[in-house]
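Taking it in order: structure first as structure tokens, then the write-up.
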Amino acid sequence: MIVFDLKCACAHVFEAWFASGTAFDEQAAAGHIRCPLCDDTAITKAAMAPNVAPKGNRGGAGAGSKAAIQAIAKAQAKLLEGSIWVGNAFAGRARAMHAGDEAHATIHGQATLAEAKALMDEGVAVASLPLPIVPPEALN
């Protein structure tokens, strides 16, 4: 796994994890990466400071940060066990379940910031995931 600082056309900077640099390139070209603030899909890599390992036996924040991210990733994976990926249909499916038009199920997917706010305004319980999800269709 590799983490990149990313930047949208509106100059919002955010982090995202990828299996490789090639995986980032493929997902960006396909429009699968969206800015969490404005939903823009024109995403590029932002300038990053190198992660230089500490010298000798001195500890560093890098190891702790990596362990923390790994723990969050593990907890998120556990949380999503049994959850159904619904992709861009998330807002519609969540709204239908809330209204009783569809059987309740644990789902996860993608929603724009406006869609998420609208769902919350309607009383639909939604939450953002701490780490990005690679859509199943992008893994093929």
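For the stretch 1-48, name all the residues that are in a loop (DSSP other than H, G, I, E, B), open to solvent by 70 Å² or more (accessible area, probe 1.4 Å) and under 17 Å from Ser128 (Cβ atoms). So that I can check it myself, show each step before the final result.
Our first condition is that a residue be in a loop (DSSP other than H, G, I, E, B); within the stretch 1-48, this holds for 1, 8-12, 19-20, 30-43, 46-48.
Okay, now just the ones that are also open to solvent by 70 Å² or more (accessible area, probe 1.4 Å), so 1, 9-10, 19, 34, 36-37, 47-48.
If the condition is that a residue be in a loop (DSSP other than H, G, I, E, B), open to solvent by 70 Å² or more (accessible area, probe 1.4 Å) and under 17 Å from Ser128 (Cβ atoms), then Arg34, Pro36, Leu37 are the ones that fit.
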(message) Tell me yes or no: at least one residue of the stretch 98-105 is free of Cβ contacts under 8 Å to residues at least 60 places away in the same chain and surrounded by 16 or more Cβ atoms within 10 Å (Cβ to Cβ).
(response) yes
(request) Could you please let me know if Thr106 is touching a Leu at 6+ places or on another chain (Cβ under 8 Å) and modelled with pLDDT of 90 or more? (result) no
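The values are calculated or read from the model by the stated rules, or taken from the named source; none is laboratory data. Because the structure is a prediction, the values reported are computed rather than measured. Backbone-built Cβ (ideal geometry, glycine too); neighbour counts: all protein chains shown. Each accessible area value is taken on the protein alone, full model and side chains, heavy atoms only, with ligands, DNA and RNA left out. Shrake-Rupley method; radii C 1.70, N 1.55, O 1.52, S 1.80 Å.
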